[in-house]
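Laboratory data are not the source of any read-out in this text; all were calculated from the coordinates shown. Remember, predicted model here, so these are calculated numbers, not experimental data. Please note: Cβ atoms are built from the backbone with ideal geometry, for glycine as well, and neighbour counts cover all protein chains shown.
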Amino acid sequence: MSQRKTPSKLYIIAGSVIGLFGLTAWTLIWSTLFMLWSRSGQTHLGFSMSMALPFCALQLAAFLGRDQNAEEWWLKLRRLGYICLGSLAFLIPLTLVSRVLVALFPSSQLLLSVLVPMIAMGSVIASLWFARSGPFLTETTIVLPNLPKAFDGYKIVQISDLHIGLTVREDYVSKVVKLVEQSHADAVVLTGDMSDGLPADLGELMKPICSLRQHDGIYFVTGNHEYYSSAQEWVEYFSENGVNVLQNSSSVIVRGDASLEIGGVNDHHAHQVVKEDRSSVADAFRGDKFTTRILLAHQPLTIDKAVQYQVDLQLSGHTHGGQIFPFNFLVKLQQPFVYGLDRREDTQIYTSSGTGFWGPPMRLGAPAEVALLTLQSTN
Ligand SMILES: [Fe+2]
């Protein structure tokens, strides 16, 4: 059955997000107002206010002004705003559960009004810690039936969704570089969403990634976030810094008489921003298939086209593995695969959980990874 996005799916996702966010906001505000007027409200008024105020006010800061070179106090305020935004991941399900429990057991209201903010706060702290602990080097062996013997054991290291910007800075990029160096991979692939901003502001932070020296080089495809700033500027930046940019095109890696074709496409939705930049697997792999085909495509949604054009392995990202539990369930509504190694017909796909994080510097249940993929031949 096709997993492609349909208008009805979009309505379900948009309706769910608006409904859940609205219910949570309403509950927090209602609970604060109620306790202000309640004689017995002294105990958890502080808890309610501590969640309602940052929830309603600071989140706005995250989206106000995108100048990467703004004053440090403003950048810190925006980071705090992102953390408040991330707290929604816990507040939404906790609010839903608590409202059901209050409806069933009215006497539990006071207890829950204390527990919900406490659990939410604990989850926020844990997810901040998990995000800063990453990324981790993960290792996966992928068996490709027709892989030339010369490429048996070939290692590709994948960096995806690094999102260099407000919350991913020099220290985090250094950790990524160290992991890639440890991996001893033959090639590096960058599967999109590498930054949130322009090369003029973030180019220096990206330089260590471009300076990686693997035997067969570095390959880059755009993600949707490159198109939110300037995809063309990033394409020029990576080209000028020695990275192979694959825009509906491919490169061939040679070992003696054997070869491996690495193709790459523009982001699945690139044409919605730049009409000419459609994603085309057909253009990436022109002519008859002559060897194993590996496709770099930011979004797993490209899988149907990959199957059509006999791709053996697609490497994707975009999902962040959900980034913060339980968002992985929402991601599943929009993408056919969320994390790890999967298959559709004869095409395998590895979906990275992402190397950085978008927005809130938080992760829970979906660790950030530098994915080391070892190809194994059955020949
Ligand atoms: Fe993305």
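General remarks:
- Positive minus negative residues near ARG255 (Lys, Arg vs Asp, Glu; Cβ under 15 Å): -3
- Counting DSSP beta bridges with both ends in the stretch 135-377, the antiparallel % (nearest 5): 35
- Sites ASP288 and LEU341 - FRET efficiency at Förster radius 25 Å, r taken between beta-carbons, to 0.05: 0.35
- Simple Cβ-charge dipole of the stretch 135-377, Lys/Arg +1 and Asp/Glu -1, about Cα centre, in debye nearest 20: 460
- Between GLU240 and VAL177, the contour length at 0.36 nm per residue exceeds the alpha carbon distance by 20.7 nm.
- With a cut-off of 14 Å on the backbone N, no residue of the stretch 357-379 is near the modelled label site 7 Å out from GLU233 along Cα-Cβ.
- Measuring nothing but how far apart in sequence close Cα pairs (under 8 Å, 6+ apart) lie, relative to its length, the stretch 135-377 scores a relative contact order of 28 percent.
- Residues whose placed amide H lies under 5 Å from that of LEU296, excluding near-sequence neighbours: GLY263, GLY264, VAL265, LEU315
- Under 28 Å, Cα to Cα: Lys pairs in the stretch 135-377, sequence gap 8 or more or different chains: 13
- Rough spin-label spacing in nm, given labels placed 7 Å along Cα→Cβ, for SER107 and SER259: 7.7
- For the stretch 200-279, the Kirkwood hydrodynamic radius from C-alpha pairs, put into Stokes-Einstein at 20 °C and a viscosity of 1.002 mPa s, yields a diffusion coefficient of 157 µm² per second.
- Treating r as the C-beta distance of LEU80 and ASN146 and R0 as 41 Å, the FRET efficiency rounds to 0.20.
- Placing +1 on the Cβ of every Lys and Arg and -1 on the Cβ of every Asp and Glu, with no other charges, gives the stretch 254-379 a dipole of roughly 240 debye about its Cα centre.
- Here the 3J(HN,Hα) profile of the stretch 98-113, calculated from phi with Karplus coefficients 6.51, -1.76 and 1.60 at θ = phi - 60°, is 5, 5, 5, 5, 5, 5, 7, 10, x, 6, 7, 4, 5, 4, 5, 5 Hz, Gly and Pro shown as x.
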